[in-house]
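Please read the structure below before turning to the comments.
Just so you know, all these numbers are worked out from the coordinates, no wet-lab data involved. All values derive from a computational prediction rather than experimental measurement. Virtual Cβ from ideal backbone geometry, glycine too; neighbours counted across all protein chains shown.
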Amino acid sequence: MQFEISKEFVDEIRDSVAEGRDSHLQSELSGLHPADIAELFDSLKAAEASYIFKLLPSDIAAEVMIELNEVDREKLLATLTSREIAEQVIDFIDSDDAADVLSELPEEKKSEVLALISDEEQKSDIFDLLRYEEDSAGGMMATELVKVRGSWTIARGIREMRKQAEEVDQVYTIYVVDEDDRLVGVLPLKKLLFSSSSIKTRISEIFDDAPMHYVHPDTTGEQCAKMMEKYDLVALPVVDTDMRLLGRITIDDVVDFIKEEAEKDYQLASGISESVEASDNVWLLSRARLPWLLIGLFGGMIVSKVIGTFEAQLEEVAILVIFMPLIAAMAGNVGVQSSAIVVQGLANKSLSSSSVFNRLLKEFSVALLNGTICGVTIFAYSVIFERNLALSYTVGISLLTVIIIAALFGTLVPLTLEKLRIDPALATGPFITTSNDIIGLTVYFTFAKYFFGI
């Protein structure tokens, strides 16, 4: 059953912190999952969260630190000394999580924490991981894993696995390597338990040497996620160019990556140029939003110039103003719909360069159908309520044309951005909306000139 963080519970925890009731706090939090405690921290001030954090057992405190979002984690880390981070956090988490935590620290504090790590092997692993890009396979992998050599007997393999498993939270896969630590296969637990008649049987006789799925350290996080999704993998080995086993990426790391990428794309599609949180300060929030607001402002200026170009027609036929917002809004809506479908196809690789023509043809067909229905509807409305045939023809045919153009434009823009190696999610935001406003009004006034003879 999921634990719900209520306002009453938060208030009680705050009161306990203020009154210094440490034993009560420890009792209240002892049965909570680290993820629930992290959710609680999100409702507390940094000083309150830090106070509680220091009361937690080190292994639980470390898990809580990993469960926190980046903003809350940075705030909490700022309240801890380098020794507290090293001894209460880093010593109790996997190398990939440790590298993530350290990457969020200032350089000076990062060096201090690294110097305080007592386990030299762990320190070396973290140093290696910090060299890789955060969103690459090297940045996502953990060096903790279970591996055996093909030359070992099953008895020795089990002994070695027991030793290695002490440092691994979840044993998804047992990797088989040769004498040079090169990955040669995997050892399913089922085979280990049931396929051998003697504990003296060598692992090389029972392991699975079928072709494996693996990645290199410079493989992008997106490629890793797609591979694990396509082949239903829960763990993915990372190897160097000589097939030496470096680490593994687990499904929880990939889920976190997918969530972060989805948040980035959503913000980009909303016209927010950098990753921000609701709790960020005013300057950061403003800086993230302002670029696209200025672009929208510039687009609005162009729209006003378009309207100004047809000022004489508007003065002569003022009734044209009635449907201007409708034309602009429909153009923007259709463009966003089309671009969203294409961006989704590019993201999941269901849309390839060879299918671009088919995609355009399909969007044209959909736009023609939708445009015809919408055009006929607005034509009938105009005839009934405005009783102006020229206006009815203008708005009906303009809407059909605008819907078709906006659909094709919304399809081509993300495809072009993808070719230019620019995030196509950009196409679903203000760029498409503003551009289609300009196109839509230009089309509308052009048809107005024809049907009204002005």
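Peptides 66-73, 145-152 ranked from most to least packed give 145-152, 66-73, packing being the mean of other C-beta atoms within 10 angstrom over each peptide's residues.
Evaluated with a Cβ-only charge set (Lys, Arg +1; Asp, Glu -1), the chain carries a dipole of roughly 2340 debye about its Cα centre, given to the nearest 20.
Taken along the Cα-to-beta-carbon direction at a fixed 7 Å, the label points for residue 309 and residue 263 span 4.3 nm. Overall dimensions of the stretch 7-135, expressed as equivalent-ellipsoid semi-axes from the Cα gyration tensor (√(5λ), whole Å, largest first), are 28, 14, 13. For residue 174, nonlocal amide neighbours, meaning residues 5 or more places apart or on other chains whose placed amide H falls under 5 Å from its own, are 187.
Relative to the longest principal axis of the chain, what angle (0 to 90°, nearest 10) does the C-alpha long axis of helix 7-19 take? The helix 7-19 is inclined about 50 degrees to the chain. What is the helix-to-structure angle for 120-130, meaning the angle in degrees between its Cα long axis and the longest Cα principal axis of the chain, kept from 0 to 90 and rounded to the nearest 10? That works out to roughly 10 degrees. When peptides 399-410, 74-85 are sorted by average Cβ neighbour count within 10 Å, with the highest value leading, the order is 399-410, 74-85.
Restricted to Cα atoms, the stretch 353-408 shows a radius of gyration and a Dmax of 13.8, 48 angstrom.
Derived scalar couplings between HN and Hα for the stretch 303-310 equal 4, 5, 5, 4, 4, x, 4, 9 Hz in order, rounded to whole Hz, by the Karplus curve 6.51 cos²θ - 1.76 cosθ + 1.60 (θ = phi - 60°), x for Gly and Pro.
Placing +1 on each Lys and Arg Cβ and -1 on each Asp and Glu Cβ, with no other charges, gives the stretch 282-452 a dipole about its Cα centre of roughly 540 debye. Among 90-97, 221-228, sorting by the average number of other beta carbon atoms lying within 10 angstrom of each residue, highest first, gives 90-97, 221-228. The string of couplings for the stretch 370-382 from the Karplus curve (6.51, -1.76, 1.60, θ = phi - 60°) is 5, x, 5, 5, 5, x, 5, 4, 6, 5, 5, 4, 5 Hz, one whole number per residue in order, with x for Gly and Pro. A simple charge model with +1 on the Cβ of Lys and Arg, -1 on the Cβ of Asp and Glu and nothing else charged puts the dipole of the stretch 1-116 at about 380 debye relative to its Cα centre. For the pair residue 302 and residue 35, label points projected 7 Å from Cα toward Cβ lie 4.5 nm apart. Give me Rg/Rg_expected for the stretch 146-250, where Rg uses Cα atoms only and Rg_expected = 2.2 N^0.38 Å with N residues. Relative to the rule-of-thumb radius for its length, the stretch 146-250 sits at 1.08. Between the Cα long axis of helix 251-269 and the first principal axis of the chain there is an angle of about 20°, rounded to the nearest 10. A straight chain from residue 127 to residue 108 at 0.36 nm per residue would run longer than the Cα-Cα distance by 5.4 nm. When only Cα pairs below 8 angstrom with a gap of at least 6 residues are kept, the stretch 146-250 shows a relative contact order of 26 percent. Any idea which of 322, 62, 148 is furthest toward the positive side of the dipole for the chain, if Lys and Arg beta-carbons carry +1 and Asp and Glu beta-carbons -1? So the residue we want is 322. Using C-alpha pairs below 8 Å separated by at least 6 residues, the relative contact order for the chain is 11 percent. The residue among 306, 76, 127 whose Cα reaches farthest toward the positive pole of the charge dipole of the chain, with charges on the beta-carbon of Lys, Arg, Asp and Glu, is 306.
Note that the stretch 95-102 has calculated 3J(HN,Hα) couplings of 4, 5, 5, 4, 5, 5, 5, 5 Hz, one per residue in order, obtained from phi through the Karplus relation 6.51 cos²θ - 1.76 cosθ + 1.60 (θ = phi - 60°); glycine and proline are x.
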